[in-house]
Structures are given as C-alpha cells and as structure tokens.
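Rule-based calculations on the coordinates, nothing more; no lab input. The model shown is predicted, which means the values in this text are computed figures rather than measured ones. Heads up, the Cβs are rebuilt from the backbone with ideal geometry, glycines too, and the neighbour counts pull from every protein chain shown.
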Amino acid sequence: MTTGTPTPTYPARPRRSRLRTFLPLGVAAWLVLEIWLLTVVAGAASGFAVFLLLVAGLVLGSVVIKRAGRRAFQNLNDALQRGGAPSGSSGSSGNGLMMLGGLLLMIPGLISDAVGLLLLVPPVQKAVGRRAERTFDRKLRAAAPGTLGDAFQQARIHHPDGKVVQGEVIRDAHDGPEDTPQDRRPPLTR
C-alpha cells in the first residue's frame, strides 16, 4: 500500500580509504609479531637479557630525542638571531626523522628498535626524507585548488545548546588594518 509520500533517500556513506581500512589490522599484526619475537628471544637467551634490551632501547631513544630536540632548537635560535627562517640545508632536515627513530627505539619491541636504528643512519634519513617530500608534494598537487584556503576561511560557531554550525568568514571592504578597535562592532550576544 502506498501513501503517496516518496521514500526518503539517504546520501551514500563515503567510502573508507584503504589506509583507514587496513591500518588497524596492520597495527594488530605488528603487535603480535613484536610479542612473538620477544618471547622467542627470551626463550633463546633469557628474560633478563630481553629486559636489558628494552631498557637500553628506552635510554638510547630518550638520548636521541633529546639530542635532536636540542639541535632543532639551536637551528631555530640561530635563524631567529639572523632574522630569517630556519634553513633545511644546515642539517635541520633530519631532526624529525631522528626524533621518530628515537621514539621507535623507546617503544618496547625488537622490530621497532631495528626500524628506529635504521632511521638514525644518515643515508637512510636522506632517502626517507626525499621520498616523504615527493609524496607530500604529489598529494598537495593532487588536491583540489582552493581547499587549503577554504579550510582556513571556515569558522565553526558553537551554540549554547551544543550544536555546531558551519560558517565562512567574510570580511567587509572597510575592515582593514587602519580600523581602530573602538569603531569595531560589538560581538553578538543574547
């Protein structure tokens, strides 16, 4: 029996990306592999040897992160004293990968320790850095024009009832740096 009212059509759910689909599975497999490898090494050597390896990884990772942070801060301080932006040619380009390597060393597990140690090798850092930069540039070129600017122009207004209303900031022609704070309109409040 039909009543004459059309059946509601709901918009199709957006398709999940491959990364969002397989990332949880990959993380779970990595954790299982790390635990299995730790038990194999503990059975071959001893539990105390595995404990010492994990503590050594924690200490080495914290030293690497501290050193990379100091180097990045020193590069930033030098750039501010010169009055310019930090340059990537002074060795600061590998600080992020050094910090990532230190973080991987701090995570308990032998596979993460091996990957963290690999990221501390300068030729590997350069290769991974170049690949990451190429991937970032390719993704940025593939993005629709204006999407980044639109993201900065959008504003979210929170209402007292908890609803979020999407909005866009539109500046009037007479709003400019020459305006003083006294002649601006007061905020709209209820």
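What does the charge add up to near LEU118, with Lys and Arg as +1, Asp and Glu as -1, over the other residues with Cβ less than 14 Å from its Cβ? Show your work: numbers first, answer last.
Values: positive: LYS126, ARG131; negative: ASP113.
Every neighbour counted, the sum reads +1.
Once the Cβ-Cβ distance between VAL40 and ALA127 is put in as r, and R0 is 35 Å, what FRET efficiency do you end up with, to the nearest 0.05?
Working from the Cβ atoms, E equals 0.70.
Among rounded, prolate and oblate, which fits segment 13-73 when a ≥ b ≥ c are the square roots of the eigenvalues of its C-alpha gyration tensor, a/c under 1.5 means rounded, and a/b larger than b/c means prolate? Judged from the Cα gyration tensor, segment 13-73 comes out oblate (a/c at least 1.5, b/c at or above a/b).
Near PHE22: Cβ cut-off under 15 Å, other residues only, Lys/Arg at +1 and Asp/Glu at -1. The net charge is +4.
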